[in-house]
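The structure under discussion appears below in the form of structure tokens.
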Amino acid sequence: MKCEICKTRMAHQRCRRCGRAICTKCHFHHGLCTECRGRLRGQ
């Protein structure tokens with residue numbers, strides 16, 4: 001399954017907030033994808 005953020009690399013896990021499949025590059029610690037992390041930080 002491809003990463004739902006970058007759409008180029010293989011996904012190995014899911015974001016615990018939005019549930020999207022994410023690769024290690026688009027994953028931020030605490031189980032969040034980079035987009036959910038940005039929303040939580042107000043970016």
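What follows is calculated from the coordinates using simple rules that are stated; it is not laboratory data. For clarity, every value in this text was computed on a predicted model and none was experimentally measured.
Structure above, values below:
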read-out	value
Quarter of the Cα convex hull surface for the chain, i.e. its orientation-mean projected area (nm²)	2.6
The chain - mean residue ellipticity at 222 nm from DSSP helices (-39,500 (n - 2.57) per run, n ≥ 4, rounded to 500)	-4000 deg cm²/dmol
Nonlocal amide H pairs with residue 28, under 5 Å, H built at 1.01 Å	33, 34
